[in-house]
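The values are calculated or read from the model by the stated rules, or taken from the named source; none is laboratory data. Remember, it's a predicted structure, so these values are computed and weren't measured experimentally. Reconstructed Cβ throughout: ideal geometry from the backbone, glycine too, with neighbour counts over all protein chains shown.
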Amino acid sequence: MNQNEIIDIARDAIMMVITISTPVMVVGLVVGVAVALLQALTQVQEITLVFVPKILAIFFAIFLFLPGFAMAMVDFMSLIADKIVGIG
C-alpha cells in the first residue's frame, strides 16, 4: 500500500463521517431554529428549553437513519478489507 492509497482511504473515511453525520446535524439544526423561533415569538427566554427537543429529535433521527448508516459503514469496511487483502 503506497502513500496515495492511504490518502484515498483517509479521504474516503472523512467523507463517510460527513455522510453519516449530515442528516443528524440537519435535524438538530432544524429543531434548534424552530425552538429559537418559538422562543422569539413567545418571548420565553429559557436557555434549557432548547436541549430536550433537540436531544429527542437527534435520538429519533439516529434511530431512523441507523440502518442506512450501518449499510454504508459495512460497504466501507468491505472496501478497506479488500484493500488490506490486496483485491481492490
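A compact table of results
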quantity	calculated
Options Ala36, Ala81, Ala10, Ala61; residue that is at pLDDT 95 or above, among the small types (Gly, Ala, Ser) and assigned to a helix (DSSP H, G or I)	Ala61
Residues that are surrounded by 12 or more Cβ atoms within 10 Å (Cβ to Cβ), out of contact with any helix residue (DSSP H, G or I) (no Cβ under 6 Å at 6 or more places or on another chain), within 15 Å of Ser21 (Cβ to Cβ) and of a type in the set (A, V, I, L, M, F, W, C), drawn from region 67-88	Ala72, Met73
Scope region 10-43; condition over 19 Å from the mean Cα position of the chain (by Cα) and either basic (Lys, Arg) or surrounded by 10 or more Cβ atoms within 10 Å (Cβ to Cβ) (or both); matching residues	Ala34, Val35, Ala36, Leu37, Leu38, Gln39, Ala40
Those residues of region 44-66 which are surrounded by 14 or more Cβ atoms within 10 Å (Cβ to Cβ), farther than 21 Å from Met16 by Cα and of a type outside the set (A, V, I, L, M), in sequence order	Pro53, Lys54
Which numbered condition Gln3 fails, given (1) within 27 Å of Gly86 (Cα to Cα); (2) more than 10 Å from the chain's Cα centre (by Cα); (3) of a type outside the set (Val, Ile, Thr); (4) surrounded by 11 or more Cβ atoms within 10 Å (Cβ to Cβ)	(4)
Enumeration of residues in region 56-82 that are closer than 30 Å to Gln39 by Cα and under 14 Å from the mean Cα position of the chain (by Cα)	Ala57, Ile58, Phe59, Phe60, Ala61, Ile62, Phe63, Leu64, Phe65
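To keep it simple, each residue is scored yes or no on (1) in contact (Cβ under 8 Å) with a residue 24 or more places away in the chain; (2) closer than 30 Å to Glu5 by Cβ.
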{"site": "Gly32", "(1), (2)": "no, no"}
{"site": "Leu41", "(1), (2)": "no, no"}
{"site": "Val44", "(1), (2)": "no, no"}
{"site": "Ile58", "(1), (2)": "yes, no"}
{"site": "Ala70", "(1), (2)": "no, yes"}
{"site": "Val74", "(1), (2)": "no, yes"}
